[in-house]
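Here the structure is laid out as structure tokens; the discussion comes afterwards.
The values are calculated or read from the model by the stated rules, or taken from the named source; none is laboratory data. On a predicted model such as this, the values are computed, not experimentally measured, just so you know. Methodologically, a virtual Cβ is constructed for each residue, glycine included, from the backbone with ideal geometry; neighbour enumeration extends over all protein chains shown. Calculation scope for accessible area: heavy atoms of the full protein, side chains included, ligands and nucleic acids excluded. Shrake-Rupley method; radii C 1.70, N 1.55, O 1.52, S 1.80 Å.
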Amino acid sequence: MEYWAKLVELFSTANFPAKEFFEAALRLHQLEVTEGKSFEVLTGEHVGMKQQAGALKIEIDTLTQKGTTSMAK
């Protein structure tokens, strides 16, 4: 945390939300410890899941449209 404090001192502006920054940093650290994964791995997994969710949504929308079209016949 001392490293983070020095970064905030060096790069923050007068209105920088230091409290929120440290709370977010602490939550991120806790997530890394809990999951046993680095920030890079966690964000990579998140991006992958978002892509999979998008692909599934497209597939569901396509199937729904096909079902609606066949019901209209």
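Collect the residues in the range 1-13 that are open to solvent by 90 Å² or more (accessible area, probe 1.4 Å) and either over 22 Å from the mean Cα position of the chain (by Cα) or hydroxyl-bearing (Ser, Thr, Tyr) (or both), keeping them in residue-number order.
Initial filter on the range 1-13 (open to solvent by 90 Å² or more (accessible area, probe 1.4 Å)): 1-4, 6, 9-11, 13.
Residues satisfying the conditions are Met1, Glu2, Tyr3, Lys6, Glu9, Leu10, Phe11, Thr13.
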Q) Considering the range 14-45 alone, what residues qualify as being open to solvent by 100 Å² or more (accessible area, probe 1.4 Å) and either touching a residue at least 24 places away in the same chain (Cβ under 8 Å) or in a loop (DSSP other than H, G, I, E, B) (or both)? A) Ala14, Asn15
**Q.** Identity of the residue in the range 46-67, open to solvent by 100 Å² or more (accessible area, probe 1.4 Å) and charged (D, E, K, R), that ends up farthest from Glu35 (Cα to Cα)
**A.** Lys66
